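Notes to accompany the following structure.
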Amino acid sequence: MAFREKLEEFAKTACDKTGEAVEYTRLNAKIFSEKNAIKDDYKKLGEYMYQAYKDGAAIDERALDFCHSIDTHNRIIESTQEELNRSKTPQEKTAADDSAANTVIVSQVINTSEDEVEMTAEDA
């Protein structure tokens, strides 16, 4: 009888620990999900602020520093892309242009709202 009671106690403890582990994992997943949502919102906020800067709106001095940094990075990307284009053979340039065009199309699709997609589907 003592063995059976110990076995039942062990099974109950194991079940409790498993339930705790599942709950712990669920809560950690929820925290991770919320942190990712915050990162997405930060990104959107940054994009909004940068667009306001590009549109000529007055923005905070610190935000202006970030905007200038983005401009610098964009210039470096553009000059590096030009350097890449100069070093390619004509066949490589055609393939790169096709790839860039596909990237633009995919980017436009990703940034298209559901309303625009529905409107486009209805127009077709």
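Summary table below
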quantity	calculated
Residue-span extension gain [residue 45 to residue 98] - 0.36 nm each, minus C-alpha spacing	15.9 nm
Approximate spin-label separation residue 20-residue 71, in nm, with each point projected 7 Å along Cα-to-Cβ	5.7
Potential extension, residue 4-residue 35 segment - 0.36 nm per residue separation minus Cα distance	6.5 nm
Sequence-distant lysines (8 or more away, or on other chains) whose Cα lies within less than 20 Å of residue 35	43, 44
Residue among 64, 38, 49 farthest towards the positive dipole end of the stretch 6-67, charges placed on Cβ	38
Computed FRET value (nearest 0.05) for residue 28 with residue 63, which takes r as the C-beta separation and R₀ as 35 Å	0.60
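Throughout, read-outs are computed from the coordinates displayed, never taken from laboratory work. What you see is a predicted model; the values in this text were computed from it and never measured. A quick note on method: Cβ atoms are made from the backbone with ideal geometry, for glycine too, and the neighbour counts reach across all protein chains shown.
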